[in-house]
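Working notes for the structure below.
The values are calculated or read from the model by the stated rules, or taken from the named source; none is laboratory data. This is a predicted model, so every value here is computed, not measured. Cβ sites come from the backbone with ideal geometry, for glycine too, and all protein chains shown count toward neighbours.
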Amino acid sequence: MCANVPTLSAIHRNLSAYSILTEADMNKDQIEGVKKEITGNVKELAGKLVGNTKLQTEGTTEKIAGKLQNAAGGIKDVLKK
């Protein structure tokens, strides 16, 4: 596999981290960001496995958007305190 393609164990770690956290621990932006990041990882991996570069690119884009949204949510939390 390529170095930049998420492995199933990396996706599982993301899912495990998401299931441990509750809405009390995260704001709406952080929750949605994690969801997008996980979905992006799955799309990226699926695209790589079937040789669909469009799906792989969509996954990478969605994963990055999720990371940005999660970070924005973290900044909101810090500013509220």
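When you check Thr60 against the structure, is it of a type in the set (Val, Ile, Thr) and at pLDDT 95 or above, yes or no?
Values: of a type in the set (Val, Ile, Thr): yes; at pLDDT 95 or above: yes.
Considered against the rule, which asks whether it is of a type in the set (Val, Ile, Thr) and at pLDDT 95 or above, Thr60 comes out as yes.
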Return the only residue of Leu49, Leu45 being surrounded by 14 or more Cβ atoms within 10 Å (Cβ to Cβ), over 11 Å from the mean Cα position of the chain (by Cα), assigned to a helix (DSSP H, G or I) and at pLDDT 95 or above. Leu45
